[in-house]
Amino acid sequence: MAEFIGQREFPADDRVLDEVLEYITGSLENAGCPPRALMQIEVSAEEIFVNIAHYGYPEGAGKARITLSLGEGPSAVVEFADRGVPFDPLAKPDADITLSAEERRIGGLGILMVKKAMDHVSYRREDGENILTLEKRFA
């Protein structure tokens, strides 16, 4: 069972990215998350939040809710929720990193990086929200 750390809502705007990352890293650091895991979480959280800010609300301003908790193992769990355009970033095939940059299709490298850095990534659409959950074990 996860242990709740905190929850905050931010404008889905990359101008608040530093505030978002300070909230995530500060909260998880205080909860005992080790530096290596924290670094991977921070890079992944930046990718997810910037994607929400850039693509989630094409018609205007929106919000992103971030919920933090400690999972078993122990692990850090970061959940991103938004009411933007329905989008499952895990539904597309992984970017083919064996191709040259010129041959590769645009997009997909960021979520591939997140999937490689995290121990578990899941998506669900629930009550009109995109909910993307990242989990990183401490070990």
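The values are calculated or read from the model by the stated rules, or taken from the named source; none is laboratory data. Note that the structure is a prediction, hence the values are computed from the model and not measured. Here the Cβ is made from the backbone with ideal geometry for all residues, glycine too, and neighbour counts use every protein chain on show.
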Inset, instruction - Pairs only if they're at least six apart or on different chains, beta carbon under 6 angstrom, first in region 13-38 and free of Cβ contacts under 8 Å to residues at least 40 places away in the same chain, second of a type outside the set (K, R) and surrounded by fewer than 12 Cβ atoms within 10 Å (Cβ to Cβ); list them, first residue then second. - result: none
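Would you point out which residue out of E79, E42 is under 23 Å from F4 (Cβ atoms), of a type in the set (D, E), modelled with pLDDT of 95 or more and assigned to a helix (DSSP H, G or I)?
Values: E79 fails: assigned to a helix (DSSP H, G or I).
Result: E42 is the single residue among E79, E42 that is under 23 Å from F4 (Cβ atoms), of a type in the set (D, E), modelled with pLDDT of 95 or more and assigned to a helix (DSSP H, G or I).
Under the condition of being among the charged types (D, E, K, R) and more than 14 Å from the chain's Cα centre (by Cα), which residue from region 23-50 is nearest to P89 (Cα to Cα)? Reasoning before the result, please.
Taking region 23-50 as the starting set, the residues that turn out to be among the charged types (D, E, K, R) are 29, 36, 42, 46-47.
Now drop any that are not more than 14 Å from the chain's Cα centre (by Cα), which leaves 29, 36.
Working: E29: 27, R36: 25 Å.
Among residues in region 23-50 that are among the charged types (D, E, K, R) and more than 14 Å from the chain's Cα centre (by Cα), the one nearest to P89 (Cα to Cα) is R36.
Quick one: is D18 farther than 13 Å from V78 by Cα and touching a His at 6+ places or on another chain (Cβ under 8 Å)? Break it down stepwise before answering.
On the way: farther than 13 Å from V78 by Cα: yes; touching a His at 6+ places or on another chain (Cβ under 8 Å): no.
When the stated conditions are applied, D18 does not pass them.
Quick one: is Y23 out of contact with any helix residue (DSSP H, G or I) (no Cβ under 6 Å at 6 or more places or on another chain) and over 20 Å from Y123 (Cα atoms)?
Numbers: out of contact with any helix residue (DSSP H, G or I) (no Cβ under 6 Å at 6 or more places or on another chain): yes; over 20 Å from Y123 (Cα atoms): yes.
Here the answer is yes, as Y23 does meet what is asked.
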Legend entry - Residue list for region 2-23, restricted to those being surrounded by 15 or more Cβ atoms within 10 Å (Cβ to Cβ) and either in contact with a Lys or Arg (Cβ under 9 Å, 6 or more places away or on another chain) or over 16 Å from L70 (Cβ atoms) (or both): F10, P11, A12, D13, D14, V16, L17, V20, L21, Y23
Inset, instruction - With the condition kept exactly as written, say whether any residue in region 34-54 is surrounded by fewer than 14 Cβ atoms within 10 Å (Cβ to Cβ) and farther than 19 Å from K136 by Cβ. - result: yes
